[in-house]
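Please treat every number below as a calculation from the coordinates, not as lab data. Only a predicted model underlies this, so the values are computations on that prediction, with no experimental measurement involved. No Cβ is skipped: glycine too gets one built from the backbone with ideal geometry, and neighbour counts run over all protein chains shown.
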Amino acid sequence: MESGKIEIGELIRKKMEKEGRKVTWLANKINCQASNISKIYKKSSINSGLLLDISVALEENFHRYYTDIYDDQILEKQNTSEIDVNTPHNRRNN
């Protein structure tokens, strides 16, 4: 996986495979057609509501992959002084 790029469908597919789950199981859990699960496997991104439903069904926080990238990018900006230290979220309370 290249930096900043998540193949979320592939991560979901791998989790399903690891758990020995079939597409029909997940389809029933999130109330959709099994053919839609196969389409999800091919997606590089999906909406956050659907991702939440899948995360709950598989007991895996798939949102964390995005959070990890966000954290890495913020850290990189801080290390290269790209973040304006005067913005409210970066000021320290004295």
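Brief remarks follow.
- Among 25-35, 41-51, the order from most to least packed when residues are scored by Cβ within 10 Å on average: 25-35, 41-51
- Segment residue 78-residue 47, extension gain: residue separation times 0.36 nm, minus the distance between their alpha carbons: 8.3 nm
- Straight Cα distances below 22 angstrom link residue 14 to the lysines 5, 22, 29, 39, 42, 43, with same-chain residues fewer than 8 positions distant left out.
- Here each label is just a point 7 Å from Cα along the line to Cβ, and for residue 19 and residue 63 those points are 1.7 nm apart.
- Placing unit charges on the Cβ atoms of the charged side chains and taking the dipole of the range 8-82 about its Cα centre, the candidate lying farthest along the positive direction among 30, 11, 44 is 30.
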